[in-house]
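Down below is the structure, laid out as structure tokens.
What follows is calculated from the coordinates using simple rules that are stated; it is not laboratory data. Just so it is clear, the structure is predicted and the values come from calculations on it, not from any experiment. We place every Cβ from the backbone using ideal geometry, glycine too, and count neighbours over all the protein chains shown.
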Amino acid sequence: MTSSIRIGYAAGAFDLFHIGHLNLLRHAKSECDHLIAGVVSDEMLERTKGITPVIPLGERLEIVRHIAFVDEARPETLADKLDTWREVRFTHFFKGDDWRGTEKGLRLEAEFAKVGVEVVYFPYTMSTSSTKLRRALAALSGDAVETVNA
């Protein structure tokens with residue numbers, strides 16, 4: 001690929017796949033030539049967010065790689081997005097706008113600016129989320145639920 005190709009990277013748990021995930025991937029593909037979806041590994045979700053995914057990594061990868069907007073799906077096993085960039089060399093990083101203006105979002109923007117990566121935010125889908133789906137499942141089963149924006 002030449003340097004003029006816009007390589008996008010959109011990371012997520014993509015657990016309990018829902019319309020918010022689809023919206024993120026659709027918007028991301030409209031902003032790049034080649035879209036790579038990073039599917040956060042089970043171990044990374046447990047370590048960084050304290051949640052156990054409902055759907056195992058292999059199945060989440062299979063779902064995401066078959067989304068029409070996704071050119072490539074890969075497991076995300078590194079906590080530091082710059083380490084992921086060193087492996088993948090994307091030019092654009094896509095995130096929900098719930099990160100815009102936050103400490104984590106501003107830090108991400110500053111780190112990526114140093115290596116020439118543009119951070120692009122898309123509207124967060126308020127109508128549904130993995131957290132809402134987890135709560136609904138917990139209510140049905142009578143279990144406590146972990147909350148996370150994913």
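What the table shows:
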quantity: Furthest towards positive pole of dipole, 85, 21, 121, structure part segment 7-123, Cβ charges; calculated: 121
quantity: q = 0.11, 0.22 Å⁻¹: log10 I(q)/I(0) that the Debye formula gives for segment 7-123, counting C-alpha atoms only; calculated: -0.32, -1.41
quantity: Sorted by Cβ neighbour density within 10 Å, fewest at the top, the residues 140, 78; calculated: 140, 78
quantity: Chain lengthening between residue 87 and residue 100 when straightened (0.36 nm per residue, less Cα-Cα); calculated: 2.2 nm
